[in-house]
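Below is one structure, written out as structure tokens; the observations come after it.
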Amino acid sequence: MQRRFLVGIDLGGTNCRMALVDGQGRVCRRERFSSRDFDHVDGLMAKIEVICREFEIAVRGAGGEIVALGAGVPGLVDYQGKVMVAPNLSWLNGVDFSARLAELGQWSVRVINDANAIAWGEHAWGAVRDNSSFLAVTLGTGVGGGLVLGGRLWVGSDGAAGEFGHVVVEPDGRPCRCGSRGCLEQYASATGILRSVREELVQGRRSSLESLDADALTALAVGRAAREGDALALDVLNEAGRRLGQGLAMIANVLNPEAVVICGGVSLSLDLMRPSLDGELSRRAFEVSARRLRIVAGELGDDAGILGAAHIAGCTDALWP
């Protein structure tokens, strides 16, 4: 019997990563290139095709075959895999990306939102492999979400489900790029955390962070300072955790999931945010919903999206219709 391999694509606004993955979730080969080199889907497809052909040669040499190709895209993707809106890759807007990828070979294809790909990766091979109902939260430059219910990815009637970052936690709060105000993303993302730090520094608070230049002031640096006892950094992460707890209480009350998995760069500071997160969750969520809600950090790191895209492409019933 031939070995079965999968191809995963993690398409971002800056870079595109591709991986050849075996049936156990092991990455056998990787490729990376700049997505900024393209201004039309045809150029991107030509590059993807070259890499897919290289993967095919490698697979044949191992006595196997590629059976599925999946892609995670940063934007709104409908159920059929058409990209409706990709803010950082506007030349993909309206492109039936699934159909274009299907032209490359006789394999099954799936295109989903990048946060959904991360959720599925952690479900297939990561921190929530034993959970059938959970929310994956991505804390990076922004805040995203992927929702799995009853073992299937829930993308909503228009493919827009899971936008957890735009749950409002502070009415009339900070303006958000979505047009609303007070969205969770404005407080718990890396961008929001750095804004909070700058606001505190402008008000005259002292901190080890004030000596850092703009490039060095990152969410990772804030976490590092907090671990070293910096009061300002601790306060900012406590506030981010509190806001995250507000949002998760809404999820707990509406959906009653088994687990929440926190992914992305900010998740490295999850332990520092847990006291305020847990406190807010216990205050705002029904006890029965919050009592056994498992909140964990993701296990797959940067590979979650690429592994999730690869795995879901090989599944026939992974999405709710």
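When residue 8 is tested against the conditions (1) more than 19 Å from residue 119 (Cβ to Cβ); (2) of a type outside the set (A, V, I, L, M, F, W, C); (3) under 23 Å from the mean Cα position of the chain (by Cα); (4) at pLDDT 95 or above, the lone failure is (1). When segment 145-168 is filtered for residues that are within 12 Å of residue 112 (Cα to Cα), of a type in the set (A, V, I, L, M) and crowded, with 21+ Cβ neighbours inside 10 Å, the ones remaining, listed by number, are 153, 155. Just to be sure before I move on: is residue 165 modelled with pLDDT of 95 or more and within 22 Å of residue 251 (Cβ to Cβ) in the structure I sent? In short, yes.
Among the residues making up segment 257-277, a single one is more than 21 Å from the chain's Cα centre (by Cα) and surrounded by fewer than 17 Cβ atoms within 10 Å (Cβ to Cβ): 275.
Filtering segment 193-233 to residues that are in contact with a helix residue (DSSP H, G or I) (Cβ under 8 Å, 6 or more places away or on another chain), part of a loop (DSSP other than H, G, I, E, B) and acidic (Asp, Glu) leaves 228, 230. Under the condition of being among the basic types (Lys, Arg) and part of a loop (DSSP other than H, G, I, E, B), the residues counted in segment 278-321 number 2. Among the conditions (1) modelled with pLDDT under 95; (2) in the same structural domain as residue 260 (by TED's automatic domain parsing), residue 152 misses just one, which is (1).
State which residue is farthest from residue 253 (Cα to Cα) when the search covers only segment 105-154 and only residues that are in contact with a Ser or Thr (Cβ under 7 Å, 6 or more places away or on another chain) and of a type in the set (Val, Ile, Thr). My answer is 109.
Counting the residues of segment 169-186 that are surrounded by fewer than 21 Cβ atoms within 10 Å (Cβ to Cβ) and either in contact with a helix residue (DSSP H, G or I) (Cβ under 7 Å, 6 or more places away or on another chain) or not in a strand (DSSP E or B) (or both) gives 11.
The values are calculated or read from the model by the stated rules, or taken from the named source; none is laboratory data. For clarity, every value in this text was computed on a predicted model and none was experimentally measured. FYI the Cβ positions are ideal-geometry reconstructions off the backbone, even for glycines, and counts take in every protein chain you see.
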